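Okay, structure first, notes after.
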Amino acid sequence: MSTETLNSTKNYGYQFGFIDEYAKKEIRRSLLKAVAIPGYQVPYASREMPMARGFGTGGLQITLSLVGAGDTLKVIDQGSDNSVNAVNIRKFVTQTCPGVNLTKKTVEASIIQTRHRIPEIPLKKGQILVLQVPYPDPLIVVEANEEKRKIMHGERDYARLWVKLYEDMVKFKEITISHRYPTCVNHHYVIDPSPIPRFDVPKLNNSPVLHLFGAGREKKIYAIPPYTQTAPLTFLDIGFRVEDFIDEKGNRRACSRCGSTDSFLDELQHKTGEKIYQCSDSDYCRYAEGKRQKD
């Protein structure tokens, strides 16, 4: 859909950004606190949205509180611009935010709302990345009581989380967490970086971009400000390992569409029945394919 078509869409009687101004102010205040204390989970009064909780209501509320006429918004789900979640959120924005441009190009966006991926194309200073989060607290796997978890976070008591990682090593000879890998922010709080793959976790470290995390169902907001040090929890003698996509011959698999060998790949089944691999990030795949054709 072209930018002209999106900008000409009527507002359908909704106020700009759908949620009321008092809710936006509260979310912005929570965001300021979250930025001031990197990694700290700030509670807020999550509003009801015209979508089920668990489908991105937290991230959407942050986006609607920040976006304004003239902003350019990109929405992705699992790296794709055309998945159901991304398409529905974009459609909702067109109905409630007149004057906001939509794009599928990472470099053009001032705000990027994402589910489960960080874009492959390096983000630049001034952009805002909003991540949808189902479960914000990494300690929930070792402690069910929220009051106790808050004390543990405040005291930087992550011993039980370290024990869980150690038990993984004992049982499986490697840490088996494939996504939501616990990550330490600014040498204090350990966060759940949302269900991004381990491949994306290093991108958080000293990034020039403001990362905002919204959990609508759990009513929590937290943030990683630009140029903030982050580090996945790892043992000194066992390095952090990301997905390598190495085949049985020891070669790095390439995207079947663009030929990229440095992106995160999705495993798909071709109509012939064989397995193929393709870039998870659709915009990066288009970019890499166009670059390869020029070369």
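Table for the structure above
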read-out	value
Complete set of residues in segment 208-222 that are surrounded by fewer than 23 Cβ atoms within 10 Å (Cβ to Cβ) and part of a loop (DSSP other than H, G, I, E, B)	Pro208, Val209, Arg217, Glu218, Lys219
Residue in segment 220-228 that is hydrophobic (A, V, I, L, M, F, W, C), at pLDDT 95 or above, out of contact with any Gly (no Cβ under 6 Å at 6 or more places or on another chain) and assigned by TED's automatic domain parsing to the domain that holds Thr103 present	yes
Arg180 vs. criteria more than 15 Å from the chain's Cα centre (by Cα), closer than 25 Å to Lys33 by Cβ and modelled with pLDDT under 95	no
Checking Tyr158 against (1) in contact with a Leu (Cβ under 9 Å, 6 or more places away or on another chain); (2) closer than 23 Å to Leu60 by Cα, the condition it does not meet	(2)
Test: residue in segment 193-200 that is closer than 30 Å to Ala159 by Cα and in a strand (DSSP E or B)	yes
Ile246 free of Cβ contacts under 8 Å to residues at least 24 places away in the same chain and hydrophobic (A, V, I, L, M, F, W, C)	yes
One residue from Gly70, Gly56 being surrounded by 23 or more Cβ atoms within 10 Å (Cβ to Cβ), in contact with a strand residue (DSSP E or B) (Cβ under 9 Å, 6 or more places away or on another chain) and not hydroxyl-bearing (Ser, Thr, Tyr)	Gly56
Any hit, segment 51-72, residues being in the same structural domain as Ile121 (by TED's automatic domain parsing), closer than 28 Å to Lys150 by Cα, at pLDDT 95 or above and hydroxyl-bearing (Ser, Thr, Tyr)	yes
Tally of residues being buried (at least 16 other Cβ atoms within 10 Å of the Cβ) and over 30 Å from Asp77 (Cβ atoms) across segment 158-180	1
Close pairs from segment 23-42: first among the charged types (D, E, K, R), partner buried (at least 20 other Cβ atoms within 10 Å of the Cβ) and assigned to a helix (DSSP H, G or I), Cβ under 6 Å, at least 6 apart	Lys24/Ser65; Arg28/Ser65
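Let's see how each residue does on (1) surrounded by fewer than 16 Cβ atoms within 10 Å (Cβ to Cβ); (2) of a type in the set (Gly, Ala, Ser); (3) not in a loop (DSSP other than H, G, I, E, B):
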position	(1), (2), (3)
Asp244	yes, no, no
Lys249	yes, no, no
Ala254	no, yes, no
Cys258	no, no, no
Thr272	yes, no, no
Gln278	no, no, yes
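The values are calculated or read from the model by the stated rules, or taken from the named source; none is laboratory data. Keep in mind that what you see is a predicted model, and the values were worked out from it rather than measured. Here the Cβ is made from the backbone with ideal geometry for all residues, glycine too, and neighbour counts use every protein chain on show.
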